[in-house]
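Values in this text are rule-based calculations from the coordinates and carry no lab data. These figures come from a predicted structure and were not determined experimentally. Cβ placement follows ideal geometry from the backbone for every residue including glycine, while neighbour counts extend to all protein chains displayed.
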Amino acid sequence: MKPAFKRILLKLSGEALMGNEKFGISGEIISSFASQIKEIVDMGVEVAVVIGGGNIFRGISGAAKGVDRVTGDHMGMLATVINALALQNAIEKLGISTRVLTAIEMQKIAEPYIKRRAIRHLEKGRVVIFGAGIGNPYFTTDTAAALRAIEINAEILAKATKVEGVYDKDPVKYKEAKKYDKVSYSEVLNKGLKVMDATAISLCMENNLPIVVFNSLVEGNIKKLVEGETIGTLVEGGK
C-alpha cells in the first residue's frame, strides 16, 4: 500500500518511554517504538523524531523544587539527548540507519542541527532524531516538534500519547470525557484542550501543518496513521 505521507515528524514523550516504570526507559517500550518506526521506514516514509525528556528530568518541575528555570530547562534538554541515543540504538539494532541531531552541540555523540543536513539524511532514508529541543530555555519539546516539522517540510506532525486522542477533559480522571475525532487549531487554543502548548499550536496553525494525536502504545498505530487510516484526533483548519 502506498503511504499517505512521504515525510512525517513523530513526537514522542519522554513519559511514554517509562512504560510501567516510575522513571527511566523501558526496554520493552523503546523496542516497540523502534519496531513501529521500522515498519513505516520500510514503506518508504521519511521519518523524523522529536523526543521529550520527562522520564528523566523536566525543567518546570525542577524549577518548582528550587532549581533555576534556565538551568532546569538545560538539564531537561540533556535528558532528551539521553532518550534520543537510546532510541537510536534500538532502531539501529533493527538495521535502520539513523542520525541524532542536537540543538546544543555535542559532537562526540551527535551532529549539530542544520536544516539542510537533516533533510539530506531524510532523503537518504535515515531516521533523524532531534535532541535538545530548540536549544533555548522556556520552550517545550512540543514547540521543538512543531518548529522542526515546519523546517523539514513534514506533511504531518504525529503526536504520540498514552490516550486515544484529544478529549474535552482528562479521560484518565473522568470516564465521561468526550473524544474529538477532529478539532480546529482555534478550538484547541480557545478551549485550552490538552494537545500541545499554545506556542506549538500557533506555529502549526500559521503554517497549516496538521497534527494527529494518537495512542502510540497500541502496536501498529503508527503504520495505520501513515496508511491513511483514521485514528486518534486530527487537528487542522480554523485558522
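Counting Lys and Arg as +1 and Asp and Glu as -1, what is the net charge of the other residues whose Cβ lies under 13 Å from the Cβ of Ile29?
Working: positive: Lys162; negative: Glu15, Glu21, Glu28, Glu219.
Summing Lys/Arg as +1 and Asp/Glu as -1 gives -3.
Beyond 28 Å between alpha-carbons counts as too far, so tell me which of Lys2/Lys169; Lys162/Lys182; Lys6/Lys93; Lys108/Lys224; Lys169/Lys224 fall in that bin. Intermediate values should be presented prior to the final figure.
Working: Lys2/Lys169 36 Å; Lys162/Lys182 18 Å; Lys6/Lys93 24 Å; Lys108/Lys224 37 Å; Lys169/Lys224 26 Å.
The answer is Lys2/Lys169; Lys108/Lys224.
Per 0.36 nm of contour for each residue apart, how much would the distance between Thr199 and Glu105 grow if the chain were fully extended, relative to their Cα-Cα spacing? Before the final figure, lay out the partial values.
Working: separation 94, 0.36 × 94 = 33.84 nm, distance 2.43 nm.
Here the answer is 31.4 nm.
Under 15 Å from a label point 7 Å along Cα→Cβ of Lys179: give me every residue in segment 206-239 with its amide N that close.
Label zone hits: 212-222, 224-225, 229-235.
How would you order 87-93, 26-32 from highest to lowest mean count of nearby Cβ atoms within 10 Å? Don't skip to the end; give the middle numbers.
On the way: 87-93: 18.6, 26-32: 16.0.
Per-residue mean Cβ counts within 10 Å order the peptides as 87-93, 26-32.
When DSSP assigns beta bridges and you keep just the ones with both residues in the chain, what percent turn out antiparallel, to the nearest 5?
Working: 5 of 32 bridges.
Of the beta bridges lying entirely in the chain, close to 15 percent run antiparallel.
With a cut-off of at most 14 other beta carbons within 10 Å, and DSSP calling the residue loop, which chymotrypsin sites (Phe, Trp or Tyr not before Pro) in segment 161-210 qualify? Please list them. Please list the in-between numbers first.
Details: sites: Tyr167, Tyr174, Tyr180, Tyr185; in loops: Tyr174.
Hits after loop and neighbour filter: Tyr174.
Can you tell me which of 130-140, 190-200 comes out highest on packing, and rank the rest after it, using the mean Cβ neighbours within 10 Å?
Working: 130-140: 21.7, 190-200: 16.4.
So the peptides 130-140, 190-200, ranked by packing, come out 130-140, 190-200.
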